[in-house]
Amino acid sequence: MASKKLSPEKSSELIEILKTRFENNLLRHQNIEWRNVQEKLENHPEKLWSLYEMEITEGEPDVIGKDENTGEYIFFDCAPESPKRRSLCYDYPAWNSRKANKPEGNIVDKANEMGIDILTEEQYRHLQQLGKFDLKTSSWIKTPKNIRELGGALFCDRRYDTVFMYHNGAESYYAARGFRGCLKV
């Protein structure tokens, strides 16, 4: 298995990308100073690896807040459209149930591999208050157990200047549907 630690060069490069994005989107993280975020990142190289995974799949991770209980900074995928981790069904049972035309994988396993959490509906709606996202794509969201047990899964998008939540069979997958992640550092 590949190491979940970035080289010093890749770490520095990623921190510069994140700093630039942070400075270009100050409305997403008012009252948060970059130097404090950078200090946390440097003290948690395993989190840098997860942010790198978000970055290379075109998620454009950025700070969207701070957990006042834990002191952790919260990063969301802030790309205008769903990141390039698409054409995935919801979870392994859904993937396994497909007899033909199986997708490459599923979002639950992919998020776990990346070390990130799938956005909840509440988190997705919070993201949409920070800008306009998923105008052409959609994003799977964390689905409550009772819905998943009945075979469904939830996704969201923004159309007609409104955020919508929908349902689909968990085994479905689409080229324009991915998922957005959350990481606390």
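Data for the structure
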read-out	value
So D117, is it open to solvent by 80 Å² or more (accessible area, probe 1.4 Å) and not aliphatic (A, V, I, L, M)	yes
Selection status of R35, under 16 Å from the mean Cα position of the chain (by Cα), more than 15 Å from L183 (Cα to Cα) and open to solvent by 50 Å² or more (accessible area, probe 1.4 Å)	no
Failed item, numbered, when G105 is tested on (1) free of Cβ contacts under 8 Å to residues at least 40 places away in the same chain; (2) open to solvent by 50 Å² or more (accessible area, probe 1.4 Å)	(2)
Criterion (over 23 Å from K142 (Cα atoms), over 17 Å from the mean Cα position of the chain (by Cα) and surrounded by 18 or more Cβ atoms within 10 Å (Cβ to Cβ)) met by exactly one of L26, L14, L6	L6
Residue in the range 6-29 that is in a strand (DSSP E or B), closer than 29 Å to F155 by Cβ and out of contact with any Leu (no Cβ under 9 Å at 6 or more places or on another chain) present	no
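Each row is one residue, and each column tells you yes or no for (1) open to solvent by less than 70 Å² (accessible area, probe 1.4 Å); (2) under 17 Å from the mean Cα position of the chain (by Cα); (3) modelled with pLDDT under 95; (4) of a type in the set (A, V, I, L, M, F, W, C).
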position: H44; (1), (2), (3), (4): yes, no, yes, no
position: Y52; (1), (2), (3), (4): yes, yes, no, no
position: E55; (1), (2), (3), (4): yes, yes, no, no
position: V63; (1), (2), (3), (4): yes, yes, no, yes
position: Y73; (1), (2), (3), (4): yes, yes, no, no
position: C78; (1), (2), (3), (4): yes, yes, no, yes
position: D91; (1), (2), (3), (4): yes, yes, no, no
position: A94; (1), (2), (3), (4): yes, no, no, yes
position: N101; (1), (2), (3), (4): no, no, yes, no
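The values are calculated or read from the model by the stated rules, or taken from the named source; none is laboratory data. Bear in mind that the values here come from a model prediction, so they are computed numbers and not experimental data. Methodologically, a virtual Cβ is constructed for each residue, glycine included, from the backbone with ideal geometry; neighbour enumeration extends over all protein chains shown. Surface accessibility is based on the protein's heavy atoms, side chains included, excluding ligands, DNA and RNA. Shrake-Rupley method; radii C 1.70, N 1.55, O 1.52, S 1.80 Å.
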